[in-house]
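Notes follow once the structure below has been shown.
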Amino acid sequence: AQSVTQLDSQVPVFEEAPVELRCNYSSSVSVYLFWYVQYPNQGLQLLLKYLSGSTLVKGINGFEAEFNKSQTSFHLRKPSVHISDTAEYFCAVFTSGTYKYIFGTGTRLKVLA
Amino acid sequence: NAGVTQTPKFRVLKTGQSMTLLCAQDMNHEYMYWYRQDPGMGLRLIHYSVGEGTTAKGEVPDGYNVSRLKKQNFLLGLESAAPSQTSVYFCASSKIQNQPQHFGDGTRLSIL
């Protein structure tokens, strides 16, 4: 069955340090991959998406992610985080085989001063 | 530039009461979704719609009903609320199924 795994439920990091939030998926067919951010008391907002083409995808707020088909991963990175990046981040996968859009359980990023 | 609007934003119900959550989108999207978000469980799909007049069950449909009489509106109903339905409910829409979803700000529902 299709699944999305975000292994880290919480990631604390100091301001201006780099961060990587991990996302792995299970699917043997074509996938479309997304990262969303959720600030407190708000809905999810799209950070970036991979539909096809270059495996390195750049998104808003300085975030980027790399699609690795052999590792079935789509990790999110930022070279230098800010306090304002404190939020919950969700990875999502849509597969053309099942026509299902599945969200991971989320990773809470806490940026420390 | 409203996007997806959910009403109400907060509600407290007693067990057994009924209510309807409203979702409206102004982007002419075909697809609309209702999710619930619970701590540590991410987003779980309740029901979805692939166009006006259509609805389909998602991952956790029991205890909920939906209707999409107009393309821009997607209603979620709780016929007899239970404490297990205490959650944050999100509505989302997308142009086509494999595209990003646009979310409302959520409805926080508590059932006592």
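Annotations for the structure displayed:
- Answer from A:Leu51, A:Leu46, A:Leu7 - the residue that is farther than 18 Å from A:Val111 by Cα and out of contact with any Phe, Trp or Tyr (no Cβ under 9 Å at 6 or more places or on another chain): A:Leu7
- Scanning the stretch B:89-112 for residues that are within 11 Å of chain A (Cβ to nearest Cβ) and of a type outside the set (S, T, N, Q) yields B:Tyr89, B:Phe90, B:Cys91, B:Ala92, B:Ile96, B:Pro100, B:His102, B:Phe103, B:Gly104, B:Asp105, B:Gly106, B:Arg108.
- Some residue of the stretch A:56-69 being in a loop (DSSP other than H, G, I, E, B), modelled with pLDDT of 95 or more, within 11 Å of the chain's Cα centre (by Cα) and more than 14 Å from every other protein chain (Cβ to nearest Cβ): yes
- Filtered by the rule that a residue be exposed (fewer than 14 other Cβ atoms within 10 Å of the Cβ) and either at the interface with another protein chain (Cβ under 9 Å from one of its Cβ atoms) or at pLDDT below 95 (or both), the stretch A:3-25 gives A:Ser3, A:Leu7, A:Ser9.
- Every residue from the stretch B:89-112 that is out of contact with any Ser or Thr (no Cβ under 7 Å at 6 or more places or on another chain) and in a strand (DSSP E or B): B:Phe90, B:Cys91, B:Ala92, B:Ser93, B:Ser94, B:Phe103, B:Thr107, B:Arg108
- Subset tally (residues that are assigned to a loop (DSSP other than H, G, I, E, B), without any contact (Cβ under 8 Å) to a residue 40 or more places away in the chain and either within 12 Å of chain A (Cβ to nearest Cβ) or crowded, with 20+ Cβ neighbours inside 10 Å (or both)) for the stretch B:35-88: 7
- Search result, residues across the stretch B:72-87 that are more than 15 Å from B:Gln37 (Cα to Cα) and modelled with pLDDT of 95 or more: B:Gln72, B:Asn73, B:Phe74, B:Leu75, B:Gly77, B:Leu78, B:Ser80, B:Ala81, B:Ala82
- Selection within the stretch A:32-44 - assigned to a strand (DSSP E or B) and more than 7 Å from chain B (Cβ to nearest Cβ): A:Leu33, A:Trp35, A:Tyr36, A:Val37, A:Gln38
- Condition check for A:Thr55: farther than 16 Å from A:Thr5 by Cα and in contact (Cβ under 8 Å) with a residue 24 or more places away in the chain: no
The values are calculated or read from the model by the stated rules, or taken from the named source; none is laboratory data. Because the structure is a prediction, the values reported are computed rather than measured. Cβ atoms come from the backbone with ideal geometry, glycine included; neighbour counts cover every protein chain shown.
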